[in-house]
Amino acid sequence: MTSVVRPTQRRYPHAVRQDIAEELHGLRIRDPYRWLEDAEAPETLRWSAEQEALYAAERATWPGLDRWQEEITALTDLDRVSPPKVRGDRVFWLRQDAGQEHPVLVVAGAGAGGPGQERVLLDPSALDPTGRTVLDAWQPSLEGDLLAYQVSRNGTEDSLLRVIDVETGRLLDGPVDRVRKTSIGWLPGGTAFYYIRRLDPRLHPGEERYHRRVCLHRVGTPPDEDAVVFGEGRDRTQFYSVSVTADGRWLAVTATLGTGPGTDLYVADLSAGPPDRPLLRPVQEGRGAATRLHAVPDTGPHDPVWLRTDRDAPRGRVVACRPADFAQGPAAWREVIPERPDAVLTHFVVLSGPELEHPLGLAAWTRHTVAELTVHDLTEGRQVATVPLPGTGAVGDFSAGPHGSHAAWFSYTDFTTPPQVLRFDARTCRVTRWEHDRGNPPRVAAVTRQIAFPSRDGTTVRMFVVSPTGRPDVPRPLLLTGYGGFGRTMSPRYRAQFLAWVRAGGIFAWTGLRGGGEEGEDWHRAGSGAHKQNTFDDFAAAADHLVAAGWADPGRIAAIGGSNGGLLVGAALTQHPGKYAAVVCMAPLLDMVRYELSGLGPSWVPEYGSARDPAQLRTLLGYSPYHRVTPGTAYPAVLLTAADGDTRTDPLHARKMCAALQHATSGDAPVLLRLERGVGHSDRARSRALAMQAECLAFLAGHVGLAAPASRAQRSGREAP
């Protein structure tokens with residue numbers, strides 16, 4: 001065992017507790033650290049600087065930090081590629097070689113030096129040697145000769161969109177501002193594309209993240225001349241996505257109210273009129289259901305298209321419908337892939353190459369979060385094959401080939417296998433490794449088991465446990481994580497940070513909590529809104545089960561979570577402070593009474609509820625971690641992380657929670673704040689990501705008695721004759 005060497009006397013930066021309280025729906029709610037919401041106030045800057053100094057002093061005492069970073073780096077130093085996008089006679093994909101700070105965009109094909117030759121088209125590090133610029137999104141034109149790409153700086157995710165000539169790299173258009181990882185729907189010929197842009201914040205002060213519109217941009221013209229084709233008069237928090245079918249005929253727009261469960265679908269026939277005035281008709285709207293369009297080239301109004309939907313099927317299904325019959329709604333739908341009672345439909349692509357007798361649908365499912373692939377004849381409505389996968393893992397989005405293709409690509413990963421790109425051939429229903437994915441990393445020596453356990457109310461919940469032996473042979477230090485929100489599924493994925501923990505002799509558990517999408521939309525709703533406490537109960541039950549089953553010691557449990565998972569572990573440490581020895585709370589939401597007043601908070605009201613509603617306020621206040629901090633409580637060791645460029649969850653949550661915990665705790669375990677500058681909520685340079693992961697592990701390990709892994713030099717010495 002090891003332990004953190006702590007300063008003999010820890011003095012926290014002074015934080016004034018102001019006598020601030022407000023009446024909301026008859027409830028008096030105290031908020032003593034509201035002044036910390038203002039990031040630029042002199043007192044906040046002083047307090048933040050002192051927190052940074054405290055963190056640096058504490059970090060210097062952590063044993064094994066360098067070895068944790070070495071281990072994570074070794075597990076991360078792998079060559080990776082993304083599934084390709086095939087446009088015309090060109091292939092585009094992301095590649096990140098071992099040690100490279102950011103992925104680069106690669107192209108092969110015409111103008112790339114000959115068949116099979118590849119060249120780097122975009123390199124974020126070349127655009128910005130500081131490493132603070134990231135490639136947010138990219139989309140080639142239908143012909144593959146133009147590329148629209150989006151970059152942002154300092155983690156803000158406020159992208160600038162540009163268009164370049166793929167052959168020469170010459171800038172043709174941009175920058176277009178007020179975009180945020182927008183989808184792009186190119187028209188044939190590359191003269192124009194649809195995209196999503198926010199309205200001018202000068203006309204809507206204080207609402208810079210909202211008021212999105214679907215626009216048509218003609219390449220080479222000023223963006224302020226772009227025609228607005230959808231979004232006028234709709235709720236300011238609506239999110240949109242846009243796509244154009246491969247033949248350029250059908251425009252599809254999806255609309256989601258905030259992060260609510262429903263995704264409405266609107267479709268326009270672009271052959272029926274000018275592209276700046278498309279007649280978008282509803283295919284499915286309302287009912288809290290999500291529906292998306294899938295079509296093959298040369299689809300006319302009386303030919304079938306396919307809709308992936310969870311309307312009247314919470315686990316998902318696929319139906320066929322003719323565009324001419326869209327106005328009839330679900331009455332015109334013909335089911336071709338029915339809902340499964342044991343699995344959730346996650347991805348779908350239509351393949352219609354000339355070698356195929358009928359169009360085939362490749363469907364990805366998760367059965368208790370484990371991926372499965374099936375193939376379906378979309379004309380006869382029958383399953384024709386099951387596709388084996390390399391292991392018990394997860395698959396990513398499908399990328400189809402060019403017009404009428406029989407091929408699709410997707411990524412595969414599991415807890416011990418780094419992501420690899422696979423190619424599916426509809427002619428043989430076989431999967432092979434994509435030829436441009438040249439990495440062949442060895443599997444990590446760890447064993448994964450999936451375990452079912454009862455939650456507080458008797459509901460069966462599942463989690464993955466990754467350990468050195470695959471059995472509860474001896475109680476080990478436990479690292480517990482989860483998410484439980486927004487219908488997101490916690491699928492098995494390669495995570496070097498967690499594997500480093502296992503290689504050091506611990507176990508980690510990956511929990512599929514209510515609020516996620518592990519068992520479909522009903523599972524999501526069971527852990528959102530008024531039912532959010534179920535998420536936290538599931539997490540606590542997971543820890544209790546692992547202790548009772550002999551996997552873990554009750555005093556050696558660490559928890560880690562980010563974003564909505566930061567809310568999760570914030571609730572865990574305030575509802576059950578004695579259960580955890582240490583907690584890392586990353587980019588969190590913690591003040592649930594005021595969360596909707598900053599960042600992307602207004603978009604999350606469908607998930608959590610609003611303090612403007614009396615009943616919902618009581619639910620929010622019941623679990624809001626900031627408001628549950630109780631003076632005189634011996635809280636576990638807590639590390640809160642925040643980034644100054646985070647435009648999703650404002651760092652004010654971490655600041656206020658840190659001050660509250662430092663004031664309240666009666667124990668000697670530290671409460672620390674890690675402030676990072678020049679990055680945001682998620683994407684960052686590789687070196688910065690590795691540093692943060694290593695520091696989080698060193699902090700947690702020191703408080704649960706897990707020694708850092710031996711260095712590679714030490715292991716080599718033991719292995720020498």
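Side notes on the structure shown:
- Residue ID - most open to solvent (accessible area, probe 1.4 Å), chosen from residues in region 657-689 that are at pLDDT below 95 and assigned to a helix (DSSP H, G or I): Arg688
- Some residue of region 648-656 being in a helix (DSSP H, G or I), aliphatic (A, V, I, L, M) and over 29 Å from Pro554 (Cα atoms): yes
- Taking the criterion of being more than 21 Å from Phe486 (Cα to Cα), surrounded by fewer than 21 Cβ atoms within 10 Å (Cβ to Cβ) and touching a helix residue (DSSP H, G or I) at 6+ places or on another chain (Cβ under 9 Å), the residues of region 217-243 that qualify are Arg218, Val219.
- When region 190-208 is filtered for residues that are of a type outside the set (A, V, I, L, M) and open to solvent by 50 Å² or more (accessible area, probe 1.4 Å), the ones remaining, listed by number, are Thr191, Arg202, His204, Pro205, Gly206, Glu207, Glu208.
- For beta carbons closer than 7 Å, sequence separation of 6+ or different chains, a first residue in region 2-29 that is more than 30 Å from Pro477 (Cα to Cα) and a second that is modelled with pLDDT under 95 and open to solvent by 40 Å² or more (accessible area, probe 1.4 Å), the qualifying pairs are Ile29/Glu22.
- Of all the listed residues (Asp247, Asp276, Asp269, Asp235), the sole one being out of contact with any strand residue (DSSP E or B) (no Cβ under 7 Å at 6 or more places or on another chain) and among the charged types (D, E, K, R) is Asp247.
- Each residue in region 165-186 was checked for being open to solvent by 20 Å² or more (accessible area, probe 1.4 Å) and not in a strand (DSSP E or B), and 7 of them qualify.
- For region 95-114, the condition holds for at least one residue, the condition being that it is within 21 Å of Val679 (Cα to Cα) and of a type in the set (D, E, K, R).
- In region 507-525, the residues that are out of contact with any Ser or Thr (no Cβ under 8 Å at 6 or more places or on another chain) and assigned to a loop (DSSP other than H, G, I, E, B): Glu519, Gly520
- Candidates in region 439-459 are the residues that are among the charged types (D, E, K, R) and modelled with pLDDT of 95 or more; of these, the one that is surrounded by the most Cβ atoms within 10 Å (Cβ to Cβ) is Arg449.
- Pick from region 355-365, criterion open to solvent by 10 Å² or more (accessible area, probe 1.4 Å) and either among the hydrophobic types (A, V, I, L, M, F, W, C) or within 22 Å of Thr489 (Cα to Cα) (or both), ranking: nearest to the chain's Cα centre (by Cα): Leu360
- Complete set of residues in region 268-296 that are under 27 Å from Asp226 (Cα atoms), touching a Gly at 6+ places or on another chain (Cβ under 7 Å) and not in a loop (DSSP other than H, G, I, E, B): Leu270
To keep it simple, each residue is scored yes or no on (1) free of Cβ contacts under 8 Å to residues at least 12 places away in the same chain; (2) hydrophobic (A, V, I, L, M, F, W, C); (3) assigned to a loop (DSSP other than H, G, I, E, B).
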| site | (1), (2), (3) |
| --- | --- |
| Ile196 | no, yes, no |
| Tyr266 | no, no, no |
| Asp298 | no, no, yes |
| Arg308 | no, no, no |
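- Residue count for region 460-495 satisfying the condition of being in a loop (DSSP other than H, G, I, E, B), open to solvent by 40 Å² or more (accessible area, probe 1.4 Å) and not charged (D, E, K, R): 6.
- Scanning region 410-438 for residues that are open to solvent by 20 Å² or more (accessible area, probe 1.4 Å) and either closer than 17 Å to Arg493 by Cα or part of a strand (DSSP E or B) (or both) yields Ser411, Pro419, Gln420, Arg423, Arg430, Val431, Thr432, Arg433.
- Residue-level check: of (1) in contact with a Ser or Thr (Cβ under 7 Å, 6 or more places away or on another chain); (2) at pLDDT below 95; (3) among the hydrophobic types (A, V, I, L, M, F, W, C), Ala541 misses just (2).
- Residue in region 552-575 that is closer than 28 Å to Ala364 by Cβ, surrounded by fewer than 24 Cβ atoms within 10 Å (Cβ to Cβ) and over 20 Å from the mean Cα position of the chain (by Cα) present: no
- Subset tally (residues that are over 34 Å from the mean Cα position of the chain (by Cα), at negative phi and either among the hydroxyl-bearing types (Ser, Thr, Tyr) or open to solvent by 50 Å² or more (accessible area, probe 1.4 Å) (or both)) for region 13-41: 8
- Test result for Phe498, open to solvent by less than 20 Å² (accessible area, probe 1.4 Å) and among the aromatic types (Phe, Trp, Tyr): yes
- Residue match in region 310-317 (condition: touching a helix residue (DSSP H, G or I) at 6+ places or on another chain (Cβ under 8 Å) and surrounded by fewer than 16 Cβ atoms within 10 Å (Cβ to Cβ)): yes
The values are calculated or read from the model by the stated rules, or taken from the named source; none is laboratory data. For clarity, every value in this text was computed on a predicted model and none was experimentally measured. Cβ coordinates were reconstructed from backbone atoms using ideal geometry, including for glycine residues, and neighbour counts include every protein chain displayed. Heads up: the accessible areas ignore ligands, DNA and RNA and are worked out on the full protein's heavy atoms, side chains in. Shrake-Rupley method; radii C 1.70, N 1.55, O 1.52, S 1.80 Å.
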